[in-house]
Amino acid sequence: MDTQRVSICILSIGIIMLWHFIYIIQAIDFALLPLNMYRTYLTVLILLYSLTARGQQYVYDYDDNCRKAYNAYIGLQMPEGDAAIYAEIRQHPYNLMATYIADYGDFLSLLFSGDKNSYVQRKDHLEERIDILERGSHDSPWYHFCKAGLYLHWALVRIRFNDNLGAALIFRKSYLQSDENRKKHPEFTYNQLFYGLEQTVTGTIPENYKWIAVLFGLKGDVKKGIANLTEFVNTHTDEDPLKAEGIIYYLYLRFYLLSQRAEVWDYINSSKLNTHNNLLYAFLKANVALNYRKADAAVQAMTEAQSNKYYSRYPIFDYETGCALLNKLDPACIGYFERFLKNYIGKPYVKDAWQKMALYYYAKNNMAQGNYCRDRIPDAGNAATDADKQAQRFAENKIVPNTYILQARLLIDGGYYNRALEILLKMNDKGLPIQDQLEYDFRLARAYDELGNHEKALQLYQATINMGRERQEHFASRAALQMGFLYEKEGKRNEAIQHFKEALSMRDHDFQTSIDQQAKAGINRLGEK
């Protein structure tokens, strides 16, 4: 038998084995498989069908199965999403849109689970999917767009798992794909989605890190980026591809970077965002409510979400509910934090959860239990997030908060300003340690600010800055940031920019990243680069 006949024979046997394996996979009852194993089989199936499709005409078709899968994934209903993608691959093995949509299962599962083992198992899926997309037409506007989306998803995943350098490199790939598609297909309106997001994020890079953007070839502009996202959201229907993703980016960026909090809250509570049977939207609503100091609304959103059959898959929801209840000084918060710590297999926010339980006990003057929770922090989770870093320092410094200042802080975070003000005004603040005096002045300023007494708020913010400029606590930097917000609302542009810059000038304090990003966004909003 000559070499050619041997090759043909081996190839024939390989094809038979390949189709036999596909037949076996089709016969599996996927509903009985663990989620991680299910997604492994699904990825293998995509690869197998793509191999048999060589020589065929690949397409990008957002058909009914892809729409069903996307909506399920966005609702955090992973089994339904996987089933729809599985059906699409069987029916239309040359549809590259199925390859792209399947990535949402990995992307959202990893973001919400924080499971390092699952990340290790799935991280190769990025390059596998990129390889599959390479087989389609490079002239299609969907080619660069889908590659940009895959890279963006995995950049966010890498940030989640504290691989910041890897995230930056992949983010650059996404940006370059978006930029290339924008130049090749300027009429393709979907460019506004990822390019708009990336423009916005790059536009918030602080001045001392601008060299990174230059080195990577990135150009950012908060206003232009959000304008692109706004155009995308306003010109696409709910039936169009990726509209839901656009809404999520659009709302978060308007809330955090444009400081359009009231407008975003109105949108979330309108008919435009249906949180029923959509866990991701419910989480968005609760998360925005928490950051908008509406603890009652956050509790309500998470309570309604508990009726969803997939709620228990995501322990982070218990953490979110615990945070909302803590800001009401409600003892039920402890049960939610404990359930989060019991069921969560990720690392981020574990230190923070222990700290929040400690804070509840300290606020209730239960020092022994507060100390117990504080002492669990050093060996728990990791210190990848700002919140976890602050929790770690809290534990290392053996901090025991002032009971009354702590009560006021939690109530302010929940939106209960009058109760907080009453507690602070009843206190005797004479002779407080400097860290407590800093926090007292800052919390009192926040209460006056939210209740509309801006003159007293500004005085107290300035006192906080003067006292705490060189300290590790974040109060001075936050005070400068809040002064910037206040002056911005009053239309005093120069004063606002001055205080945003002052916030940026303070270094090596708690919550550095988030404060810097908000200050930089404020400067950009007001028209100064």
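Residues being buried (at least 23 other Cβ atoms within 10 Å of the Cβ) and more than 19 Å from the chain's Cα centre (by Cα): count how many of those fall in the range 102-121.
1
Out of Arg469, Arg393, which single residue is surrounded by fewer than 20 Cβ atoms within 10 Å (Cβ to Cβ), closer than 19 Å to Phe500 by Cβ and modelled with pLDDT under 95?
Values: Arg393 fails: closer than 19 Å to Phe500 by Cβ.
On inspection, the qualifying residue turns out to be Arg469.
Where residues in the range 276-302 are of a type in the set (S, T, N, Q) and closer than 21 Å to Ser109 by Cα, which of them is modelled with the lowest pLDDT? Before the answer, list the steps.
Here is the first cut: in the range 276-302, the residues of a type in the set (S, T, N, Q) are 277-278, 287, 291, 300.
Right, trim to closer than 21 Å to Ser109 by Cα and you get 277-278, 287.
On the way: Asn277: 86, Asn278: 93, Asn287: 94.
Ranking the qualifying residues of the range 276-302, first place goes to Asn277.
When you check Ala463 against the structure, is it out of contact with any strand residue (DSSP E or B) (no Cβ under 8 Å at 6 or more places or on another chain), buried (at least 21 other Cβ atoms within 10 Å of the Cβ) and not aromatic (Phe, Trp, Tyr), yes or no?
Values: out of contact with any strand residue (DSSP E or B) (no Cβ under 8 Å at 6 or more places or on another chain): yes; buried (at least 21 other Cβ atoms within 10 Å of the Cβ): no; not aromatic (Phe, Trp, Tyr): yes.
When the stated conditions are applied, Ala463 does not pass them.
If a residue has to be of a type in the set (Val, Ile, Thr) and either within 16 Å of Leu504 (Cβ to Cβ) or not assigned by TED's automatic domain parsing to the domain that holds Arg443 (or both) to count, how many in the range 463-485 make the cut?
Filtering the range 463-485 down to residues of a type in the set (Val, Ile, Thr) leaves 464-465.
With either within 16 Å of Leu504 (Cβ to Cβ) or not assigned by TED's automatic domain parsing to the domain that holds Arg443 (or both) added as a condition, the list becomes 465.
Looking only at that region, the number is 1.
What helices (runs of 4 or more DSSP H), lying completely within the range 211-301, carry at least 3 residues that are within 30 Å of Gly491 (Cβ to Cβ) and of a type in the set (Phe, Trp, Tyr)?
On the way: elements: 222-235, 243-256, 261-268, 279-291.
Here the list reads 243-256.
Within the range 83-201, which helices (runs of 4 or more DSSP H) (wholly inside it) include 2 or more residues that are in contact (Cβ under 8 Å) with a residue 40 or more places away in the chain and over 28 Å from Ala227 (Cβ atoms)? Before the answer, list the steps.
Values: elements: 96-113, 116-122, 125-133, 141-160, 164-184.
Of the helices (runs of 4 or more DSSP H) lying wholly inside the range 83-201, those with at least 2 residues that are in contact (Cβ under 8 Å) with a residue 40 or more places away in the chain and over 28 Å from Ala227 (Cβ atoms) span 96-113, 116-122, 125-133.
Taking the conditions exactly as written (more than 17 Å from Leu424 (Cβ to Cβ), out of contact with any strand residue (DSSP E or B) (no Cβ under 8 Å at 6 or more places or on another chain) and either of a type in the set (Ser, Thr, Tyr) or buried (at least 18 other Cβ atoms within 10 Å of the Cβ) (or both)), does Asp449 satisfy them or not? Can you show your working first?
Numbers: more than 17 Å from Leu424 (Cβ to Cβ): no; out of contact with any strand residue (DSSP E or B) (no Cβ under 8 Å at 6 or more places or on another chain): yes; either of a type in the set (Ser, Thr, Tyr) or buried (at least 18 other Cβ atoms within 10 Å of the Cβ) (or both): yes.
Taking the combined requirement at face value, the residue does not satisfy it.
Identify all residues within the range 249-267 that are touching a residue at least 60 places away in the same chain (Cβ under 8 Å) and either within 12 Å of Thr230 (Cα to Cα) or buried (at least 20 other Cβ atoms within 10 Å of the Cβ) (or both); write none if there are none.
Within the range 249-267, the subset touching a residue at least 60 places away in the same chain (Cβ under 8 Å) is 256-259.
Within the range 249-267, Leu257 is the sole residue that qualifies.
Can you find even one residue in the range 428-443 that is surrounded by 14 or more Cβ atoms within 10 Å (Cβ to Cβ) and under 27 Å from Glu528 (Cα atoms)? Break it down stepwise before answering.
To start, the set of residues in the range 428-443 that are surrounded by 14 or more Cβ atoms within 10 Å (Cβ to Cβ) comprises 429, 432, 435-443.
Checking which are under 27 Å from Glu528 (Cα atoms) leaves us with none.
Checked against the condition, which is being surrounded by 14 or more Cβ atoms within 10 Å (Cβ to Cβ) and under 27 Å from Glu528 (Cα atoms), the range 428-443 yields no hits at all.
Which of the residues that make up the range 95-150 are hydroxyl-bearing (Ser, Thr, Tyr) and more than 21 Å from Asn71 (Cα to Cα)? So that I can check it myself, show each step before the final result.
First, pick out the residues of the range 95-150 that are hydroxyl-bearing (Ser, Thr, Tyr): 99-100, 104, 109, 113, 118-119, 137, 140, 143.
Ser118, Tyr119, Ser137, Ser140, Tyr143 - these are the residues of the range 95-150 that are hydroxyl-bearing (Ser, Thr, Tyr) and more than 21 Å from Asn71 (Cα to Cα).
If a residue counts only when it is within 27 Å of the chain's Cα centre (by Cα), which helices (runs of 4 or more DSSP H) contained entirely in the range 425-529 have at least 2 such residues?
Numbers: elements: 434-450, 454-468, 475-489, 493-505, 512-525.
Per the criteria, 434-450, 475-489, 493-505, 512-525.
Can you name every residue in the range 328-353 that is in contact with a Ser or Thr (Cβ under 9 Å, 6 or more places away or on another chain) and within 17 Å of Arg393 (Cβ to Cβ)?
Pro348, Tyr349, Lys351, Asp352 - these are the residues of the range 328-353 that are in contact with a Ser or Thr (Cβ under 9 Å, 6 or more places away or on another chain) and within 17 Å of Arg393 (Cβ to Cβ).
So, Lys398, is that one among the basic types (Lys, Arg), in contact (Cβ under 8 Å) with a residue 24 or more places away in the chain, over 21 Å from Ala479 (Cβ atoms) and surrounded by fewer than 21 Cβ atoms within 10 Å (Cβ to Cβ) or not?
On the way: among the basic types (Lys, Arg): yes; in contact (Cβ under 8 Å) with a residue 24 or more places away in the chain: yes; over 21 Å from Ala479 (Cβ atoms): yes; surrounded by fewer than 21 Cβ atoms within 10 Å (Cβ to Cβ): yes.
Taking the combined requirement at face value, the residue satisfies it.
Any idea which of Ile412, Ile316 is within 24 Å of Val120 (Cβ to Cβ) and hydrophobic (A, V, I, L, M, F, W, C)?
Numbers: Ile412 fails: within 24 Å of Val120 (Cβ to Cβ).
Answer to the selection: Ile316.
The values are calculated or read from the model by the stated rules, or taken from the named source; none is laboratory data. None of these values were measured; they are calculated from a predicted model. Quick reminder, even Gly has a Cβ in these numbers, built from the backbone with ideal geometry, and neighbours come from all protein chains shown.
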